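J.: Structure provided below as C-alpha cells; questions to follow.
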Amino acid sequence: MREESLSREVRYGKKDIAELESASIQVHLIYKKAAELFKRTAYSRSVKDDLAEVNTHSVNSDGPRLAPAVLQKWIQTSRGWKCIGCELGQPDSTMSQMEETIRGKQLALDVGEGRLVQAEMLIQAVVWSQYEKIRMFAPWLGDEPFYSVQELDVIARYIVPTYFSERPLHEQGKVFKVHQQYGQIPLYQEYVDAPSCCVQVDGGLLEGRLLTGVYVSEEQFFGLNPYLKDGDGGRTYMQASVQ
C-alpha cells in the first residue's frame, strides 16, 4: 500500500475538532471495554494472548511505560462524524514517531482452527453486536447493562454498524463493505461514503476519499492527521489546520 505525506492543509472548524477530541476518547474507552470482555471470555488462548499483548504497556530504558496508540479512522458525513474502525500501534515519545509507528499496522488474531480475523474490525463488530443486543433486551437487563446509557448513545451516534454476516445489512437494504484480507474471516460493515478529495502529487492530480485519522493513547487525544485514500488503498497524508 502506497503511503505519502504532503504539506497540503485540510481545514477543520473549532467545533469539529472539539467534537472529535471528545468523541475519540469515548469511542476508545468503549473499544477497550469490549476488548477486555472478549479477552476474558474468548475460548482460544491465542486470542487472549494477542489481545493481552495489544493492551500491555511497554517499558523502555529511557523512560516510563508507554501505552499502545490507536489511529481511529473517521469520516464526516451528512449525519455527522462516523468512526469506521482503528489501527493499533506502539507509540514513541513524539507525535511524528507515533505517526510513523502506527500507520498501516493491523493485528490479525487466530480465533481457532487456523482462522484469522482482523483484530480492529473484530472489536468494532463485537461492540456493535453488544449494542444491538442490549437495546433489544433492555427491559430484562435490569439497571446495570454492560454499557451505560451514555456509552450506548456514543455507539449509536459514532460507530458504524459492523457484522459477522452480511445478512443484517441485506435485510436492512444497506450498501456494505467487506473487510477481508488474504486468509482472514470476512467482516461486513455498512458503507459510509467519504467526501471526495483531489490533491496534486508529482505534477499530477490524485483523486480519492478524505478520511480523518485521530490519534489516541490511553485517555489522551494526540491530534488529527487527515489523509486521502485512493482506489488502490494508498494513502496521501496531509496537515490539519483550524479555520
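J.: Would you please name the residue that is farthest from the chain's Cα centre (by Cα), looking only at residues in region 189-213 that are within 17 Å of TYR12 (Cα to Cα) and hydroxyl-bearing (Ser, Thr, Tyr)?
T.: My answer is SER196.
J.: Going by the conditions given, is GLU151 of a type in the set (Asp, Glu) and not in a helix (DSSP H, G or I)?
T.: Details: of a type in the set (Asp, Glu): yes; not in a helix (DSSP H, G or I): no.
For GLU151, the condition - of a type in the set (Asp, Glu) and not in a helix (DSSP H, G or I) - is not met.
J.: Based on what the data block shows, is TYR188 open to solvent by less than 10 Å² (accessible area, probe 1.4 Å) and either touching a residue at least 24 places away in the same chain (Cβ under 8 Å) or part of a strand (DSSP E or B) (or both)?
T.: Working: open to solvent by less than 10 Å² (accessible area, probe 1.4 Å): no; either touching a residue at least 24 places away in the same chain (Cβ under 8 Å) or part of a strand (DSSP E or B) (or both): yes.
In short, no.
J.: Across region 9-21, which residue is most open to solvent (accessible area, probe 1.4 Å) among those that are assigned to a helix (DSSP H, G or I) and in contact (Cβ under 8 Å) with a residue 12 or more places away in the chain? It would help to see each step written out before you state the result.
T.: Looking only at region 9-21, we keep the residues that are assigned to a helix (DSSP H, G or I), and these are 14-21.
Those still in the list that are in contact (Cβ under 8 Å) with a residue 12 or more places away in the chain too: 14, 16-17, 19-21.
On the way: LYS14: 151, ASP16: 41, ILE17: 36, GLU19: 50, LEU20: 1, GLU21: 87 Å².
Checking each candidate, the answer is LYS14.
J.: Let me ask something else. Kindly provide the set of residues from region 208-243 that are more than 18 Å from ASP16 (Cα to Cα) and hydroxyl-bearing (Ser, Thr, Tyr), ordered by number. Steps first, answer last, please.
T.: Restricting attention to region 208-243, the residues satisfying the condition of being more than 18 Å from ASP16 (Cα to Cα) are 208-209, 217-219, 228-237.
Answer for region 208-243, where residues must be more than 18 Å from ASP16 (Cα to Cα) and hydroxyl-bearing (Ser, Thr, Tyr): SER217, THR236, TYR237.
J.: What number of residues within region 6-32 are within 18 Å of the chain's Cα centre (by Cα) and at pLDDT below 90?
T.: So the answer is 1.
J.: Answer yes or no as to whether GLU151 is open to solvent by less than 80 Å² (accessible area, probe 1.4 Å), closer than 16 Å to TYR31 by Cα and out of contact with any helix residue (DSSP H, G or I) (no Cβ under 7 Å at 6 or more places or on another chain). Can you show your working first?
T.: On the way: open to solvent by less than 80 Å² (accessible area, probe 1.4 Å): yes; closer than 16 Å to TYR31 by Cα: yes; out of contact with any helix residue (DSSP H, G or I) (no Cβ under 7 Å at 6 or more places or on another chain): no.
When the stated conditions are applied, GLU151 does not pass them.
J.: Could you list, in sequence order, all residues of region 202-232 that are among the aliphatic types (A, V, I, L, M) and in contact (Cβ under 8 Å) with a residue 24 or more places away in the chain? Even if it seems obvious, please write down each step before you answer.
T.: Residues of region 202-232 among the aliphatic types (A, V, I, L, M): 205-206, 210-211, 214, 216, 224, 228.
Hits for region 202-232 are LEU206, LEU210, LEU211, VAL214, VAL216, LEU224, LEU228.
J.: Let me ask another. Mind checking which pairs have a first residue in region 161-173 that is farther than 10 Å from GLU190 by Cα and a second that is open to solvent by less than 30 Å² (accessible area, probe 1.4 Å) and among the hydrophobic types (A, V, I, L, M, F, W, C), Cβ under 8 Å, 6 or more apart or different chains?
T.: These pairs meet every condition: PHE164/ALA125; PHE164/LEU187.
J.: Before we move on, is TYR158 over 15 Å from the mean Cα position of the chain (by Cα) and touching a residue at least 60 places away in the same chain (Cβ under 8 Å)? Break it down stepwise before answering.
T.: On the way: over 15 Å from the mean Cα position of the chain (by Cα): no; touching a residue at least 60 places away in the same chain (Cβ under 8 Å): yes.
No, not satisfied.
J.: Moving to a separate point now. Restricting to region 169-185, name every residue that is open to solvent by less than 60 Å² (accessible area, probe 1.4 Å) and at pLDDT below 95.
T.: Correct list: HIS179, GLY183, GLN184, ILE185.
J.: Could you list all residues from region 225-243 that are out of contact with any helix residue (DSSP H, G or I) (no Cβ under 7 Å at 6 or more places or on another chain) and either of a type in the set (Phe, Trp, Tyr) or assigned to a strand (DSSP E or B) (or both)? Reasoning before the result, please.
T.: Here is the first cut: in region 225-243, the residues out of contact with any helix residue (DSSP H, G or I) (no Cβ under 7 Å at 6 or more places or on another chain) are 226-241, 243.
Correct list: PRO226, TYR227, LEU228, LYS229, ARG235, THR236, TYR237, MET238, GLN239, ALA240, SER241.
J.: Restricting attention to region 209-241, which residues are touching a Lys or Arg at 6+ places or on another chain (Cβ under 7 Å), modelled with pLDDT under 90 and under 20 Å from THR77 (Cβ atoms)?
T.: Answer for region 209-241, where residues must be touching a Lys or Arg at 6+ places or on another chain (Cβ under 7 Å), modelled with pLDDT under 90 and under 20 Å from THR77 (Cβ atoms): ARG235, MET238.
J.: Can I ask one more? Could you go through region 213-222 and let me know if any residue there is within 12 Å of ALA240 (Cα to Cα) and out of contact with any helix residue (DSSP H, G or I) (no Cβ under 7 Å at 6 or more places or on another chain). Spell out how you get there, then give the answer.
T.: Residues of region 213-222 within 12 Å of ALA240 (Cα to Cα): 213-214.
Of the ones still in play, those that are also out of contact with any helix residue (DSSP H, G or I) (no Cβ under 7 Å at 6 or more places or on another chain) are 213.
Within region 213-222 (the criterion being within 12 Å of ALA240 (Cα to Cα) and out of contact with any helix residue (DSSP H, G or I) (no Cβ under 7 Å at 6 or more places or on another chain)), the answer is yes, since at least one residue qualifies.
The values are calculated or read from the model by the stated rules, or taken from the named source; none is laboratory data. These figures come from a predicted structure and were not determined experimentally. With ideal geometry, Cβ positions are generated from the backbone for all residues, glycine too; neighbour counts draw on all protein chains shown. Only protein heavy atoms, including side chains, enter the accessible area calculation; ligands, DNA and RNA are left aside. Shrake-Rupley method; radii C 1.70, N 1.55, O 1.52, S 1.80 Å.
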